[in-house]
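The values are calculated or read from the model by the stated rules, or taken from the named source; none is laboratory data. Just so it is clear, the structure is predicted and the values come from calculations on it, not from any experiment. No Cβ is skipped: glycine too gets one built from the backbone with ideal geometry, and neighbour counts run over all protein chains shown.
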Amino acid sequence: MYWYEEEVQSLVLKKETLTVAPKTIFYGSSTIRLWVTLTEDFADLAPVNLGFGGSTLAACVWFFDRIVGPYTPERIIVYAGDNDLGDGRTPEEVFIFFQQLTEKVKQHFSTVPCYFISLKPSPARWTLNTSFEYTNKLIAEEIVENHKNWKFINIFPDMVGPDGEPMAKYYDTDGLHLSPAGYKLWKEIVSQHLA
């Protein structure tokens, strides 16, 4: 995990630079980190962006105490797991990391409302689609069965076209990260679930 250290340190220091205590934590991989309109998109929720590039769900668990632990949020929104599968981990491993994340949240914040954004159907990782869908299924079922303070936000179907393929307009040229249109869609879907 040492390769994340520089970015993690900057996130730890970020808390000291904030002029307002955030009410909403967005935590996860570069899909969160690159959400440049996040502060204005959720202005009424006083958000803070705690995403870090290339992070896996495993890394989000590993660094949770340092990055998220010092805050007192009213809600937490997470997107991660995409990179775990891209790195060759199995859906079952990602599911275990999710369970570990829920334990971290429980230790620090008891039953604060939490939201897990489903893994997205990226063109660059479309060959792993079966694993992505199975991971989403495992996590969604776990939330329903065992975590009353968590909600599953399924963005997957809205990002797939009538042909069953990911819609290119929602992605950057790398086929992995979101375009402005992709973030606009996410804002709409996430806002609906938070309402």
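Of all the listed residues (LYS151, LYS169), the sole one being surrounded by fewer than 16 Cβ atoms within 10 Å (Cβ to Cβ), modelled with pLDDT of 95 or more and not in a loop (DSSP other than H, G, I, E, B) is LYS169. Within the stretch 105-123, not a single residue is at negative phi, in contact with a helix residue (DSSP H, G or I) (Cβ under 6 Å, 6 or more places away or on another chain), of a type outside the set (Phe, Trp, Tyr) and part of a helix (DSSP H, G or I). The listed residues are THR31, THR102, and the only one of them that is among the hydroxyl-bearing types (Ser, Thr, Tyr) and either over 24 Å from PRO180 (Cα atoms) or assigned to a loop (DSSP other than H, G, I, E, B) (or both) turns out to be THR102. Under the condition of being among the hydroxyl-bearing types (Ser, Thr, Tyr) and either part of a helix (DSSP H, G or I) or closer than 15 Å to PRO113 by Cβ (or both), the residues counted in the stretch 34-51 number 1. Count of the stretch 66-85 residues, restricted to those that are closer than 19 Å to THR31 by Cβ and in a helix (DSSP H, G or I), is 5.
Just wondering, is there one or more residues in the stretch 37-50 that are out of contact with any strand residue (DSSP E or B) (no Cβ under 6 Å at 6 or more places or on another chain), crowded, with 18+ Cβ neighbours inside 10 Å and either closer than 26 Å to LYS137 by Cβ or among the small types (Gly, Ala, Ser) (or both)? No, there is no match, as no residue in the stretch 37-50 is out of contact with any strand residue (DSSP E or B) (no Cβ under 6 Å at 6 or more places or on another chain), crowded, with 18+ Cβ neighbours inside 10 Å and either closer than 26 Å to LYS137 by Cβ or among the small types (Gly, Ala, Ser) (or both). The number of residues in the stretch 86-97 being more than 17 Å from ALA140 (Cα to Cα) and in a helix (DSSP H, G or I) comes to 1. Just one of the numbered conditions (1) crowded, with 17+ Cβ neighbours inside 10 Å; (2) out of contact with any Ser or Thr (no Cβ under 8 Å at 6 or more places or on another chain); (3) hydrophobic (A, V, I, L, M, F, W, C) is not true of ILE139: (2).
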